[in-house]
Structures are given as C-alpha cells and as structure tokens.
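First the structure, in the form of structure tokens, and then the observations on it.
The values are calculated or read from the model by the stated rules, or taken from the named source; none is laboratory data. As the structure is a computational prediction, the values presented were derived from the model and not from experiment. Note: ideal-geometry Cβ built from the backbone for every residue, glycine included; neighbour counts use all protein chains shown. Side chains are part of the model used for accessible areas, which takes the heavy atoms of the whole protein and leaves out ligands, DNA and RNA. Shrake-Rupley method; radii C 1.70, N 1.55, O 1.52, S 1.80 Å.
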Amino acid sequence: EGDSVAVVGVGHRYRGTTEVVASTVRVVPGVRRLVTPLVVGPVDAGRVVANEGRLARVRGVIGAQGPSEGGHWVRLHRADGAARASVTLWIPPAHRHAIEFAPMYDGDEVEATGIAMVYRDNPNDAPIAQLVPRTPGDVVTIGIPHHWITVAWQSAL
C-alpha cells in the first residue's frame, strides 16, 4: 500500500469503468505515499461518480445484497432516508482479498472505504456508483448490527 507503480498496457472502457490490461507493472523507487480517502460522507452517488478512480469513504445503511457474476454486491442507502441515489459496494470474483459480507445484514449501518467506480450495463445507461473495498477492514459495521436489535426485540416479546 502506498507504492507508486508504472503500468504498460492497453486502456479501454468496460461497463463504464476505465481499465488497463497490463502487460508490465513495476514499482517506482521512492517513498511510499499513503492516500487519505476523500470523505464523501452520507451515501451520495453523484459525488462517488464525480470522483471515479479516487479512494472514497461513505457511510450508509445496507438495503440489499447478493451474489452476481461470481462476485458479491451490497447496496447502501442514506441512513437519514434522504433521496440520494444508492452506492453499491462491489467485490469482484477476482478480488485479491476474500471480503465477506456474511456477518452484515440488511439494515446495518456501515462505513465503507474503497476505490470509486462507475458501472453501466450499456453505454446509454445511467451511471451506477460503486465502491470497491481494498481489504476486509475497509467495511465496518457502525453501532449494534440491525440483526441483533431485531433478535433482542423478538425475544422481549
């Protein structure tokens, strides 16, 4: 983390995201520079889309999650219910780290840090704001998980 790299390859767009198919990658000698994430704050899809390629941090409530194309997605909404478009956390199937969302449930409030990405199924589709977390520590539950609050209420009845 923090290394600068030089990449040689072919750049192209895939489903709205700029990608480089690298033929060579080398670490540039020098001091490691750790990047401070851009704090987007409450879920705001427009700010994530506008900062594509940057490290960003958002806070929101899990609205839904599931598998897709061998990976896993988690949709975050604003905790205050404001009508800003959602941000999707995306763990692609070839992700370097095994990031599991199993202990997280719909309704949990989380803070997530990741690379801001834009996804489109088709070129004319509206952009979908995504964050790709780097490590399991980039997605943390805030407060008491919603699942345990529900269990407590059910056992109190």
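Mind checking whether some residue in the range 68-88 is open to solvent by less than 40 Å² (accessible area, probe 1.4 Å), part of a strand (DSSP E or B), β-branched (V, I, T) and in contact with a helix residue (DSSP H, G or I) (Cβ under 6 Å, 6 or more places away or on another chain)?
Yes, the range 68-88 contains a residue that is open to solvent by less than 40 Å² (accessible area, probe 1.4 Å), part of a strand (DSSP E or B), β-branched (V, I, T) and in contact with a helix residue (DSSP H, G or I) (Cβ under 6 Å, 6 or more places away or on another chain).
Go through (1) outside any loop (DSSP other than H, G, I, E, B); (2) modelled with pLDDT under 85 one by one and return the number of the condition G60 breaks.
Result: G60 passes all but (2).
Output the residues belonging to the range 89-111 that are open to solvent by 30 Å² or more (accessible area, probe 1.4 Å), modelled with pLDDT of 75 or more and among the acidic types (D, E).
If the condition is that a residue be open to solvent by 30 Å² or more (accessible area, probe 1.4 Å), modelled with pLDDT of 75 or more and among the acidic types (D, E), then D106, E109, E111 are the ones that fit.
Is one or more of the residues making up the range 78-97 touching a residue at least 60 places away in the same chain (Cβ under 8 Å), farther than 22 Å from A126 by Cβ and under 11 Å from the mean Cα position of the chain (by Cα)? Working first, answer last.
Our first condition is that a residue be touching a residue at least 60 places away in the same chain (Cβ under 8 Å); within the range 78-97, this holds for none.
No, the range 78-97 contains no residue that is touching a residue at least 60 places away in the same chain (Cβ under 8 Å), farther than 22 Å from A126 by Cβ and under 11 Å from the mean Cα position of the chain (by Cα).
Only one of V27, V21, V43, V10 is surrounded by 12 or more Cβ atoms within 10 Å (Cβ to Cβ), hydrophobic (A, V, I, L, M, F, W, C), free of Cβ contacts under 8 Å to residues at least 60 places away in the same chain and at negative phi; which?
Details: V27 fails: surrounded by 12 or more Cβ atoms within 10 Å (Cβ to Cβ); V21 fails: surrounded by 12 or more Cβ atoms within 10 Å (Cβ to Cβ); V10 fails: surrounded by 12 or more Cβ atoms within 10 Å (Cβ to Cβ).
After applying the criteria, what remains is V43.
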